[in-house]
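If you scroll down you'll find the structure; I have some questions about it.
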Amino acid sequence: MELREFINFPGLTFPGLKITLLKPDIFFKQWYSWYSKIHSSHLESPLEVFHNHVYRLGIPDSHIVLMLADDMACNYRNPKPATVFSHKNMELNVYGDDVEVDYRGYEVTVENFLRVLTGRLPPSTPRSKRLLSDDRSNILIYLTGHGGNGFLKFQDSEEISNMELADAFEQMWQKRRYNELLFIIDTCQGASMYERFYSPNLMALASSQVGEDSLSHQPDLGIGVHLMDKYTFYLLEFLEEVHPASQANMNDLFKVCPQSQCVSTPGHRTDLFQRDPGSVLITDFFGSVRKVEITKDTINLTSPVEPPIKRSGSSDIQIESLTYVDQLPVAEIIHQKPKQKDWHPPDGFILGLWTLILLVFFQTYGIKHLKHIF
Amino acid sequence: FRLSSLIGHISTCPSLIGQCCQRHPGSVDEFQEELVIRPLHSGDIYASFQFRTLWDTDFLQEGQKVSHYRLFPKSLGQVLSKFSVRELHISFTQGFWRTMQWGQPFIPSPPGAELWVWFHDTVSDVDGNWKELTNVLSGIFCASLNFIDLTNTVQPSASFKPLGLGNATDHRFLRYATLPREIVCTENLTPWKKLLPCGSKAGLAVLLKSEKLFHSSFHSQAVHIRPVCQDEQCTSKAWELRQTLNVVFDLYTAGQGKKEWSLFKMFSRTLTEACPLATSSKVYVDITDNPELFELSPATPLLSQAVVLGDRRTYSVFDLTRAETFGQLRSLNLLLRWKGDGGEMLRPLLHAERYVAGFGLQTGEIHTVIYNNHPYRAFPVLLMDSVPWYLQLYIHTLTVTSKSRDNKPSYIHYQPAKDRHRPHLLEMLIQLPPHSMTEVTVQFERALLKWTEYTPDPNHGFYVGSSVVSALVPSMVAMNTNFTQDQPLFSSFVPVKEESSYFVRVYTEPLLVNLPTPDFSMPYNVICLTCTVVAVGYGSFYNLLTRTFQVDEPSLPLAKRLANLIRRIRGVPLLT
């Protein structure tokens with residue numbers, strides 16, 4: 001097997017994972033940005049951000065942790081099942097064919113969210129539900145839903161407070177789980193959520209200040225709910241112009257949705273961020289491309305496929321034909337013996353009872369009378 | 001972007017391997033796909049996709065790890081070898097199968113998610129393997145299967161025998177769990193489609209578009225993995241992976257009221273080619289009721305007869321591996337047009353229903369009704385009920401009546417529930433008299449849960465999984481017990497051991513029961529009230545008792561303060 005081009009990857013940020021891919025026509029790009037978003041009661045916003053922009057700008061599914069608390073697409077009340085539209089002219093289905101929701105329904109809880117951030121998950125959690133970031137990863141967190149001064153509502157029954165969030169980010173910083181983190185929140189009084197951050201390299205954007213409400217943008221009279229929030233709508237309009245090589249920086253992002261459009265005043269916080277926001281590219285968080293080195297040398301490869309080892313030994317033994325199991329063996333079931341339960345020593349109560357009986361017995365009759373019995 | 005799927009796609013790229021579909025000398029795996037379309041008497045249409053990958057390998061062999069995957073998906077292969085799985089059956093269903101209107105499905109499944117697994121007998125900790133397996137599968141299929149734990153897992157003692165090869169069946173290695181609340185949506189279909197060798201790019205899988213599939217009365221996708229006979233002599237085992245998707249399109253919602261169906265109307269796509277990796281790719285249309293009920297176009301001379309579900313049916317076969325199937329336009333769009341009313345369809349011989357009776361939030365009664373519609377034959381059925389612990393069953397009230405007479409089951413296995421540890425398991429082998437209705441009733445009491453155990457929407461209710469009725473139903477036509485290689489997939493799913501009966505599994509409806517729900521705003525109210533009472537009442541009292549009053553001297557003007565300073569130095573009494 002000969003290859004014209006051999007694509008070399010200069011070290012990946014997944015610790016311990018080195019991938020060399022041998023295929024001339026496909027370029028394998030490893031993304032190192034992470035994108036995590038959560039939604040409590042507004043479904044279209046993260047889907048639109050996800051579908052259109054983050055995916056387009058290059059972050060793959062394996063680097064996206066998507067948490068949706070409600071099931072709207074396949075809910076029986078949705079007149080067009082498996083579709084979610086962000087605009088009332090229904091031109092783009094944001095719940096596309098490729099969506100992969102990692103946490104859905106009752107799994108979206110404060111505890112799970114914090115566990116994903118800090119990495120304290122049970123050992124059997126699959127990779128798609130983990131945030132496998134390290135100290136070279138940039139993380140984008142996008143939350144939307146209902147909130148108030150200092151909290152965000154989860155599932156109508158619990159809340160996450162700004163202090164918990166700040167502590168979670170500090171844990172992440174201590175464990176070197178991020179290089180830079182961008183936090184976007186679109187709820188009422190969203191600025192209160194980033195007031196308490198104290199870890200370095202955090203930048204935060206919110207759709208409204210403390211004391212203000214974030215408003216929704218468009219209602220859909222067919223299903224009776226609003227499709228998107230104002231801040232998210234203008235944010236997405238801004239992201240439409242961003243392409244993978246764009247030089248737009250964070251200062252442009254801060255100008256999105258002024259009060260004339262959004263009614264609420266968006267806020268941002270950059271004091272914990274070490275770089276100047278004007279020098280930070282949008283694509284640092286919303287997309288990513290790795291540097292690849294292409295060489296034109298020819299590489300010779302040996303065939304990696306070993307022929308299957310002949311199981312000659314076992315085939316000699318198994319000459320008799322195998323059979324399928326009887327699906328409903330009535331006679332066998334009727335005469336099935338009950339399972340032999342393992343013998344356990346008597347429980348405390350039985351032991352106590354017997355001790356009491358023996359004590360009373362010996363009390364009444366005395367040891368010396370025993371010889372009359374035996 | 002999963003690397004394994006990418007490697008899978010690379011090795012299946014036609015430009016490398018070519019358009020062949022023969023077996024390679026080194027590899028011993030093959031892939032078949034088929035679609036069966038069965039028009040129903042009510043005007044609905046039932047489509048059943050089956051994709052089968054057969055692979056001659058041994059996942060469970062000691063010492064040799066399987067490392068080269070071609071058609072078999074790597075994610076599932078690794079799951080099988082890591083957890084020593086002998087058989088795995090998982091299904092995701094939206095909607096309920098209406099047996100009385102639609103007949104029997106090819107592959108039955110209960111609403112929600114269902115998972116049952118047979119482990120190998122070398123496994124020492126079955127529960128640990130089960131827990132890890134559910135977590136891994138929840139990541140593969142993007143479903144909340146991690147909610148399966150010991151509180152909803154049961155170990156049936158006689159139902160769910162293995163569907164694959166084997167001789168010893170020790171039920172200690174079987175685990176069964178169902179999540180009736182689980183929803184199925186595009187995010188479950190996407191990874192399911194990625195397991196197919198051709199993905200959703202070629203072959204029959206191009207028809208699987210989620211906007212159309214979920215706009216249906218019934219949608220069920222399943223993965224079945226089991227060891228099967230490799231050839232007719234059955235001397236060696238091969239692993240079979242079957243991915244099945246059953247969907248019933250409704251006449252009024254998807255069909256717009258017109259009794260005319262076509263592939264384009266059902267799936268918004270037509271077929272253009274077979275999957276290049278498939279050895280056989282066929283579409284079967286059930287024309288047993290043709291030409292009285294409907295007419296099919298394009299007509300095809302290829303016909304095939306198969307005995308399935310106790311009935312001999314005739315099918316029109318469209319072989320997609322032959323280019324002439326696609327005609328001039330290079331696309332195949334089947335059209336079925338109804339001609340008048342079809343009349344009544346044959347009543348299914350076995351049918352079951354279930355409902356909750358009673359009133360109030362304290363007690364209730366579960367009724368399971370099983371119908372035997374055979375005119376003169378009686379046959380036994382195995383009923384398996386798995387009830388969550390918070391419905392406390394009173395088994396002394398269990399009654400089984402057929403034709404208003406007591407019917408004693410010949411086998412009962414009951415495992416009582418342990419609060420918060422184990423659900424109830426009730427299995428009974430009941431003989432159903434011919435042409436009768438058998439009713440099984442049991443009373444229960446509803447438990448009050450701890451307030452943290454309630455879901456965020458407790459007023460919706462709590463689901464109880466479907467009952468499973470397994471039976472060997474007498475067949476009207478002699479079943480085919482020989483196993484042939486070119487048997488259509490829909491007739492070879494359940495192994496046939498005898499000619500006179502066929503095995504069928506019927507699922508009842510899941511139940512939705514309301515548990516007594518506390519008022520969740522009470523803790524907040526209590527805290528507010530208590531704090532107010534403490535602050536106002538006790539606080540005032542405490543202040544009254546402990547507060548002391550002191551006379552406060554007014555501050556002196558500046559001149560007097562200076563004078564005081566001098567006086568202090570001199571040691572003379574101060575001014576006031």
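The values are calculated or read from the model by the stated rules, or taken from the named source; none is laboratory data. Computed from a predicted structure; not experimentally measured. Heads up, the Cβs are rebuilt from the backbone with ideal geometry, glycines too, and the neighbour counts pull from every protein chain shown.
Under the condition of being without any contact (Cβ under 8 Å) to a residue 60 or more places away in the chain and charged (D, E, K, R), which residue from region B:410-431 is farthest from the other protein chains (Cβ to nearest Cβ)? Working first, answer last.
Pass one, region B:410-431, residues without any contact (Cβ under 8 Å) to a residue 60 or more places away in the chain: B:410, B:412, B:414, B:416-419, B:424, B:426, B:428, B:431.
Now restrict to residues that are charged (D, E, K, R): B:418-419.
Working: B:LYS418: 15, B:ASP419: 18 Å.
In this case the residue turns out to be B:ASP419.
In addition: Going residue by residue through region B:186-199, is there one that turns out to be without any contact (Cβ under 8 Å) to a residue 40 or more places away in the chain, in contact with a Cys (Cβ under 8 Å, 6 or more places away or on another chain) and not charged (D, E, K, R)?
Keep residues of region B:186-199 that are without any contact (Cβ under 8 Å) to a residue 40 or more places away in the chain, which gives B:186, B:189, B:193.
So of that shortlist, the ones also in contact with a Cys (Cβ under 8 Å, 6 or more places away or on another chain) come out as B:186.
Going one step further and asking which of them are not charged (D, E, K, R), we end up with B:186.
Yes: region B:186-199 contains one or more residues that are without any contact (Cβ under 8 Å) to a residue 40 or more places away in the chain, in contact with a Cys (Cβ under 8 Å, 6 or more places away or on another chain) and not charged (D, E, K, R).
Moving on to the next point. May I ask you to list pairs of residues, at least six apart or on different chains, whose Cβ atoms are under 9 Å apart, with the first in region B:275-292 being assigned to a loop (DSSP other than H, G, I, E, B) and the second being of a type in the set (Asp, Glu)?
B:CYS275/B:GLU33; B:LEU277/B:GLU30; B:ALA278/B:GLU30; B:ALA278/B:GLU33; B:THR279/B:GLU30; B:THR288/B:ASP311
Can you give me the number of residues within region A:75-103 that are within 10 Å of chain B (Cβ to nearest Cβ), farther than 25 Å from A:ILE59 by Cα and surrounded by fewer than 21 Cβ atoms within 10 Å (Cβ to Cβ)?
5
Quick one: would you say B:ASP125 is surrounded by fewer than 22 Cβ atoms within 10 Å (Cβ to Cβ), under 17 Å from the mean Cα position of the chain (by Cα) and free of Cβ contacts under 8 Å to residues at least 40 places away in the same chain? Give the steps one after another, and end with the answer.
On the way: surrounded by fewer than 22 Cβ atoms within 10 Å (Cβ to Cβ): yes; under 17 Å from the mean Cα position of the chain (by Cα): no; free of Cβ contacts under 8 Å to residues at least 40 places away in the same chain: yes.
The answer is no for B:ASP125.
State which residue pairs qualify: first residue without any contact (Cβ under 8 Å) to a residue 24 or more places away in the chain and within 26 Å of B:HIS424 (Cβ to Cβ) and inside region B:374-386, second residue basic (Lys, Arg) and surrounded by 23 or more Cβ atoms within 10 Å (Cβ to Cβ) in any location, beta carbons under 7 Å apart, and separation of 6 or more residues or different chains.
none
Would you be able to say whether some residue in region A:111-122 is farther than 30 Å from A:ASP220 by Cα, facing chain B (nearest Cβ under 8 Å) and in a loop (DSSP other than H, G, I, E, B)?
Within region A:111-122, one or more residues are farther than 30 Å from A:ASP220 by Cα, facing chain B (nearest Cβ under 8 Å) and in a loop (DSSP other than H, G, I, E, B).
Okay, next question. From the list B:LEU241, B:LEU195, B:LEU251, B:LEU263, exactly one residue is surrounded by fewer than 23 Cβ atoms within 10 Å (Cβ to Cβ), away from every other protein chain (no Cβ under 11 Å) and within 24 Å of B:ASP56 (Cβ to Cβ). Which is it? Before you say what the answer is, go through the steps one by one.
Working: B:LEU241 fails: surrounded by fewer than 23 Cβ atoms within 10 Å (Cβ to Cβ); B:LEU251 fails: within 24 Å of B:ASP56 (Cβ to Cβ); B:LEU263 fails: within 24 Å of B:ASP56 (Cβ to Cβ).
The conditions single out B:LEU195.
Quickly run through region B:334-351 and pick out the residues that are crowded, with 17+ Cβ neighbours inside 10 Å and within 31 Å of the chain's Cα centre (by Cα). Give the steps one after another, and end with the answer.
So the first thing to find is which residues in region B:334-351 are crowded, with 17+ Cβ neighbours inside 10 Å, and the list is B:334, B:336, B:338, B:342, B:348-351.
Matches in region B:334-351: B:LEU334, B:LEU336, B:PRO348, B:LEU349, B:LEU350, B:HIS351.
Acidic (Asp, Glu) and closer than 26 Å to B:SER475 by Cα, is that true of B:ASP289?
On the way: acidic (Asp, Glu): yes; closer than 26 Å to B:SER475 by Cα: yes.
Yes, satisfied.
Next question. Could you please let me know if B:SER467 is in contact with a Leu (Cβ under 9 Å, 6 or more places away or on another chain), away from every other protein chain (no Cβ under 14 Å) and under 25 Å from B:LEU391 (Cα atoms)?
Details: in contact with a Leu (Cβ under 9 Å, 6 or more places away or on another chain): yes; away from every other protein chain (no Cβ under 14 Å): yes; under 25 Å from B:LEU391 (Cα atoms): yes.
Answer is yes for this residue.
For (1) in contact with a helix residue (DSSP H, G or I) (Cβ under 7 Å, 6 or more places away or on another chain); (2) in contact (Cβ under 8 Å) with a residue 12 or more places away in the chain; (3) charged (D, E, K, R); (4) not in a loop (DSSP other than H, G, I, E, B), each residue gets a yes or a no:
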position	(1), (2), (3), (4)
B:GLU498	no, yes, yes, no
B:TYR502	no, yes, no, yes
B:VAL506	yes, yes, no, yes
B:TYR524	no, no, no, yes
B:CYS528	no, no, no, yes
B:THR532	no, no, no, yes
B:ALA535	no, no, no, yes
B:GLY539	no, no, no, yes
B:SER555	no, no, no, no
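Return yes when B:GLN101 is more than 10 Å from every other protein chain (Cβ to nearest Cβ) and either in contact with a helix residue (DSSP H, G or I) (Cβ under 9 Å, 6 or more places away or on another chain) or more than 22 Å from A:GLU332 (Cβ to Cβ) (or both) and no when it is not. Break it down stepwise before answering.
Working: more than 10 Å from every other protein chain (Cβ to nearest Cβ): yes; either in contact with a helix residue (DSSP H, G or I) (Cβ under 9 Å, 6 or more places away or on another chain) or more than 22 Å from A:GLU332 (Cβ to Cβ) (or both): yes.
Yes, satisfied.
For region B:141-152, which positions are crowded, with 22+ Cβ neighbours inside 10 Å and more than 7 Å from chain A (Cβ to nearest Cβ)? Spell out the reasoning first.
Going through region B:141-152, the residues crowded, with 22+ Cβ neighbours inside 10 Å turn out to be B:141-143, B:145, B:148.
If the condition is that a residue be crowded, with 22+ Cβ neighbours inside 10 Å and more than 7 Å from chain A (Cβ to nearest Cβ), then B:PHE141, B:ALA143, B:LEU145, B:ILE148 are the ones that fit.
If only one of B:PRO488, B:PRO573 is on the phi < 0 side of the Ramachandran plot and loosely packed, with under 10 Cβ neighbours inside 10 Å, which one is it? Explain how you work it out, then say what you get.
Details: B:PRO488 fails: loosely packed, with under 10 Cβ neighbours inside 10 Å.
Just a single option satisfies the conditions, and that option is B:PRO573.
Going by the conditions given, is B:TRP130 in contact with a Leu (Cβ under 6 Å, 6 or more places away or on another chain) and outside any loop (DSSP other than H, G, I, E, B)? Give the derivation first.
Values: in contact with a Leu (Cβ under 6 Å, 6 or more places away or on another chain): no; outside any loop (DSSP other than H, G, I, E, B): yes.
No, not satisfied.
Being charged (D, E, K, R), part of a helix (DSSP H, G or I) and either surrounded by 15 or more Cβ atoms within 10 Å (Cβ to Cβ) or modelled with pLDDT of 85 or more (or both) narrows it down to one residue among A:ASP271, A:ASP252; which is it? Spell out how you get there, then give the answer.
Values: A:ASP271 fails: part of a helix (DSSP H, G or I).
Answer to the selection: A:ASP252.
Another one. Is it fair to say B:VAL473 is over 30 Å from B:PHE444 (Cα atoms), within 14 Å of chain A (Cβ to nearest Cβ) and without any contact (Cβ under 8 Å) to a residue 24 or more places away in the chain?
Details: over 30 Å from B:PHE444 (Cα atoms): yes; within 14 Å of chain A (Cβ to nearest Cβ): yes; without any contact (Cβ under 8 Å) to a residue 24 or more places away in the chain: no.
In short, no.
Which of the strands (runs of 3 or more DSSP E) found entirely inside region B:365-481 contain at least 2 residues meeting this: more than 20 Å from B:LEU350 (Cα to Cα)?
Those strands (runs of 3 or more DSSP E) span B:379-387, B:391-402, B:411-415, B:424-432, B:436-446, B:462-464.
Right, here's the next one. Tell me which residues, restricted to region B:370-408, are surrounded by 19 or more Cβ atoms within 10 Å (Cβ to Cβ), within 14 Å of chain A (Cβ to nearest Cβ) and either farther than 27 Å from B:VAL473 by Cβ or out of contact with any helix residue (DSSP H, G or I) (no Cβ under 8 Å at 6 or more places or on another chain) (or both).
The answer is B:PHE379, B:VAL381, B:LEU383, B:MET384.
Can A:SER208 be described as modelled with pLDDT under 90, surrounded by fewer than 17 Cβ atoms within 10 Å (Cβ to Cβ) and among the polar types (S, T, N, Q)?
Details: modelled with pLDDT under 90: yes; surrounded by fewer than 17 Cβ atoms within 10 Å (Cβ to Cβ): no; among the polar types (S, T, N, Q): yes.
The answer is no for A:SER208.
Sticking with this structure for a sec: Output the qualifying pairs, or none if there are none: Cβ atoms under 6 angstrom, residues six or more apart or on different chains, first residue in region B:57-77 and part of a loop (DSSP other than H, G, I, E, B), second residue surrounded by fewer than 14 Cβ atoms within 10 Å (Cβ to Cβ) and modelled with pLDDT under 90.
These pairs meet every condition: B:HIS68/A:VAL305.
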